[in-house]
Amino acid sequence: PKLDVTLVEPKDKYTTCFYSNLYIGGFRSFSSITHDYDGVKKRGIRVVMAAATDIDTAAKTVKLSKASAALPYDRLVVAPGIDIKFGAIEGYTPEAAEVMPHAWQGGAQTWLLKEKLLAMSDGGTVVMSVPANPYRCPPGPYERACMIAHFMKTRKPKSKLILLDAKPTFSKQPVFEEAFAEYYKDIIEINLTNEIDDYSVVKVDAKTGEVVTKSGRKETPALANIIPPQMAGVIAERAGLTEGDWCPVNPVNFTSTKAKDVYIVGDAAIAAEMPKSAYSAFSQGGVVAADILADISGKERAPGKYRNTCWSMVAPDNSAKIGGDYTPGEKDGKPGLVVSEPFVSKAGESAEVRRQSYQESIDWYQTLVTDLFGKSPVTTAEPQ
């Protein structure tokens, strides 16, 4: 009760990237994935609606966009999420993202992609570019492909989706390929990078709509969903918390290796095989909270135990999953996270198993956002 906890958050409402693909597919409303901070405030947490613009790790202060005085801290948890690497794809700028949305940050971009799908004429082609690892997930690219394809199948059956992937393989590939063949045959065209063709998108033209791959393939679709490479939120780099694009952490408690009394959680952290998922971030947050409490009270600080599950909806009442437990250990001769008891859905599973996985994901979302925001989400279907 003696702790003073302050949450610095620039947006008055938070739209989750996890489950946003279900909004694209028509299985959730936008309001059901958008949450305010009233419940957080009721818990006695001070919520400052401002952007954190700079961190002074020596003075232990955070500069805010809407205050003249910096905010002091004893312990700092940095959760900057991702920023888009504009310029990694020639021609892809913040302005181009308004024409060719990435929808990889929840909110306006999520809404924009759905609006463009709704406005597209039946028979229009959508091109989706998929970056190389690592990237934020969810929203997962191949779940999004299934949800766009479902939207087309039910709303615009003459349309087609072309996937241009910078990778030769991807997570849960057998499950997705099975779904493409069973539910979305002649709707989804998948192009994985191979020894002959590199399908990395390297150039776009927002004025003409053209998309160009490294191997020279050109497409001019009705809609381009360009998912570019990503990096830790820029404030992390500004504060000196990054190595390359991401933030190195001590796996036992996710303290920054770059600054004392600073923790990094979520997508920005280098967490080895632990994916950049919402479940991962939530698990890391629990470890960080326990570590801070133990540190302040002088109690023994136990090594963290982490867990992740990622669900991907492939069709109505049909979700696949992947996950496992993670503990601190040696990874490639360096301190890291070691996965144990991993699990992944397989092709050929029964409809009942997939239905149960889908229900698990619904229950998880309900529980998670209630824990985070203090109230249950609205669960109405997409009205459009």
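Data overview
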| quantity | calculated |
| --- | --- |
| In the range 252-282, residue least open to solvent (accessible area, probe 1.4 Å) [restricted to those that are in a loop (DSSP other than H, G, I, E, B) and either at positive phi or among the acidic types (Asp, Glu) (or both)] | Phe254 |
| Residue ID - farthest from Val201 (Cα to Cα), chosen from residues in the range 163-175 that are open to solvent by 10 Å² or more (accessible area, probe 1.4 Å) and not in a loop (DSSP other than H, G, I, E, B) | Pro174 |
| Of the criteria (1) part of a strand (DSSP E or B); (2) within 19 Å of the chain's Cα centre (by Cα); (3) hydrophobic (A, V, I, L, M, F, W, C), which one Phe18 fails | (1) |
| Some residue of the range 106-124 being part of a loop (DSSP other than H, G, I, E, B) and either at pLDDT below 95 or within 29 Å of Met274 (Cα to Cα) (or both) | yes |
| Residue, farthest from Ala315 (Cα to Cα), within the range 180-201, restricted to residues that are hydrophobic (A, V, I, L, M, F, W, C) and under 22 Å from the mean Cα position of the chain (by Cα) | Val201 |
| Tally of residues being assigned to a loop (DSSP other than H, G, I, E, B), out of contact with any helix residue (DSSP H, G or I) (no Cβ under 6 Å at 6 or more places or on another chain) and either open to solvent by 10 Å² or more (accessible area, probe 1.4 Å) or more than 21 Å from Ala97 (Cβ to Cβ) (or both) across the range 222-251 | 9 |
| Residue identified as acidic (Asp, Glu) and either open to solvent by 60 Å² or more (accessible area, probe 1.4 Å) or over 24 Å from Leu117 (Cα atoms) (or both) among Glu189, Glu210, Glu178, Glu219 | Glu178 |
| Unique residue being within 26 Å of Asp4 (Cα to Cα), open to solvent by 10 Å² or more (accessible area, probe 1.4 Å) and either over 22 Å from the mean Cα position of the chain (by Cα) or small (Gly, Ala, Ser) (or both) when the list is Gly304, Gly329, Gly285 | Gly285 |
| Complete set of residues in the range 30-52 that are open to solvent by less than 40 Å² (accessible area, probe 1.4 Å), closer than 17 Å to Thr370 by Cα and not in a strand (DSSP E or B) | Ser32, Ile33, Tyr37, Gly39, Val40 |
| Residue match in the range 77-98 (condition: under 16 Å from Val5 (Cβ atoms) and not in a loop (DSSP other than H, G, I, E, B)) | yes |
| Selected residue (only one of Val78, Val127, Val99 is at pLDDT 95 or above, farther than 20 Å from Trp246 by Cβ, of a type in the set (A, V, I, L, M) and open to solvent by less than 30 Å² (accessible area, probe 1.4 Å)) | Val127 |
| Residues of the range 53-66 satisfying the condition of being open to solvent by 40 Å² or more (accessible area, probe 1.4 Å), closer than 21 Å to Tyr14 by Cβ and either touching a His at 6+ places or on another chain (Cβ under 6 Å) or not β-branched (Val, Ile, Thr) (or both) | Ser65, Lys66 |
| Segments classed as strands (runs of 3 or more DSSP E), wholly inside the range 292-384, with at least 3 members that are closer than 28 Å to Leu118 by Cβ | 306-315, 318-331 |
| Extreme residue, surrounded by the most Cβ atoms within 10 Å (Cβ to Cβ), among residues of the range 102-124 that are in contact (Cβ under 8 Å) with a residue 60 or more places away in the chain and on the phi > 0 side of the Ramachandran plot | Ala103 |
| Ile362 vs. criteria β-branched (Val, Ile, Thr) and open to solvent by less than 50 Å² (accessible area, probe 1.4 Å) | yes |
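The rows are residues; the columns are (1) part of a helix (DSSP H, G or I); (2) closer than 30 Å to Val265 by Cβ; (3) in contact (Cβ under 8 Å) with a residue 40 or more places away in the chain.
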site	(1), (2), (3)
Cys146	yes, yes, yes
His150	yes, no, yes
Glu195	no, no, no
Thr208	no, no, no
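The values are calculated or read from the model by the stated rules, or taken from the named source; none is laboratory data. Only a predicted model underlies this, so the values are computations on that prediction, with no experimental measurement involved. Methodologically, a virtual Cβ is constructed for each residue, glycine included, from the backbone with ideal geometry; neighbour enumeration extends over all protein chains shown. Quick note on the areas: whole protein, heavy atoms, side chains included, nothing else; ligands and nucleic acids left out. Shrake-Rupley method; radii C 1.70, N 1.55, O 1.52, S 1.80 Å.
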